[in-house]
Each structure stands twice: as structure tokens, then as C-alpha cells.
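The values are calculated or read from the model by the stated rules, or taken from the named source; none is laboratory data. What you see is a predicted model; the values in this text were computed from it and never measured. Neighbour counts are summed over all protein chains in view; Cβ atoms, including those assigned to glycine, are modelled from backbone coordinates with ideal geometry.
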Amino acid sequence: MGADEVLLDVDHIGIAVSALTTAVAEYRAALRVEPVHREVVQDQGVEEVFFRTGSSFIQLLGALGPDTPVGRFLARRGEGLHHVAYRVRSIEEALDRLRAAGVPLIDEAPRSGSRGTRIAFVHPKGLHGVLIELVQAP
């Protein structure tokens, strides 16, 4: 990996679900995976559950209400892929590089994420219709 690269790895794939408890049970039974982290993130309006998959995670997202980003996503699109999150060495450098490339950002500055991470979201208009999350580990 070159020092010039922005992305280190896929951190997680976020999947919006209508009923988090049911979805967790289905993942456990069908895929034989166990949750490794569960957290309510009030400022993002979600409860999330992570399952480890190699060096990455699957994140199931349940909305804390209909007027939250995931709640609105579920109402508009239904369950399914919500975002792809990439691990970065420096979130500030990644944001600077994207800004310089003209990529529209949702978050101009990093904010606190779950698991003690720092995160920022990139607007789907910037990278072919996919909501991107940047994640810097603690």
C-alpha cells in the first residue's frame, strides 16, 4: 500500500433494516455469525449491530424513529444497502483529498462515530450514487 492511498480497507457495509432484533436473529441463524458490537447512536438516530467478517464488518442499522436519516431511508427505499464504509488512516487528509477533487461532502469535518471512531459521510452524488462513510479507528 502506497503512502499516497486514501483507503486502507472496507470497514463495514451498512444495511438498513425495519426490525433490528429480527434481522440480528436471521443473520445469526442463516449465516452463523455472532454480533460483536451493539450500540445506540442517538445523534445519528440509529441502533446498530456489527458482525465481523474477516477484517471488515456487516452493520445492521435500525432507525430510532421515522424522522431520522435511516428512518427516512427505510420509508423511501425499504430495507437494503445503506452505505459502504472505508477505513482511512487520517480522516482529515481523506476529506481534504475529496474536497480538492470536487466530491460533495455531507460532513465537512469529522464527527464521533460508534466504537470510538471518527467518521464523515460523503454525498452519494459524488461517487456514483453510493453513500460513503469514512472511518478512522481510535
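Below are the figures for this structure:
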{"read-out": "Checklist (1) out of contact with any Ser or Thr (no Cβ under 7 Å at 6 or more places or on another chain); (2) within 17 Å of G116 (Cα to Cα); (3) not small (G, A, S) applied to R28, failing item", "value": "(2)"}
{"read-out": "Scan of the range 95-138 for residues that are among the basic types (K, R) and either in a strand (DSSP E or B) or within 20 Å of V40 (Cβ to Cβ) (or both), ordered by number", "value": "R111, R115, R118"}
{"read-out": "Out of D67, D11, sole residue that is farther than 15 Å from T117 by Cβ and charged (D, E, K, R)", "value": "D67"}
{"read-out": "Identity of the residue in the range 1-30, farther than 19 Å from R72 by Cα and touching a residue at least 60 places away in the same chain (Cβ under 8 Å), that ends up surrounded by the most Cβ atoms within 10 Å (Cβ to Cβ)", "value": "D11"}
{"read-out": "Out of A75, A16, A25, sole residue that is in contact with a Phe, Trp or Tyr (Cβ under 9 Å, 6 or more places away or on another chain) and modelled with pLDDT of 95 or more", "value": "A16"}
{"read-out": "Residue count for the range 31-43, restricted to those that are of a type in the set (D, E, K, R) and either over 19 Å from R118 (Cα atoms) or loosely packed, with under 11 Cβ neighbours inside 10 Å (or both)", "value": "3"}
{"read-out": "Qualifying position, being charged (D, E, K, R), in a helix (DSSP H, G or I), farther than 18 Å from H123 by Cα and more than 14 Å from the chain's Cα centre (by Cα), among E92, E26", "value": "E26"}
{"read-out": "Candidate set from the range 44-70 (those that are outside any strand (DSSP E or B) and touching a residue at least 24 places away in the same chain (Cβ under 8 Å)); member that is surrounded by the fewest Cβ atoms within 10 Å (Cβ to Cβ)", "value": "S55"}
{"read-out": "The range 29-43 - residue that is of a type in the set (A, V, I, L, M) and in a strand (DSSP E or B) and, of those, nearest to E133 (Cα to Cα)", "value": "V41"}
{"read-out": "Test: I132 is modelled with pLDDT of 95 or more, crowded, with 19+ Cβ neighbours inside 10 Å and not charged (D, E, K, R)", "value": "yes"}
{"read-out": "Close pairs (6 angstrom Cβ cut-off, 6 or more residues apart or separate chains): closer than 23 Å to I15 by Cα in the range 83-100, of a type in the set (S, T, N, Q) anywhere", "value": "V88/Q136; I91/Q136"}
{"read-out": "Residue satisfying all of: in the range 71-84; surrounded by 11 or more Cβ atoms within 10 Å (Cβ to Cβ) and not hydrophobic (A, V, I, L, M, F, W, C); farthest from I106 (Cα to Cα) among these", "value": "E79"}
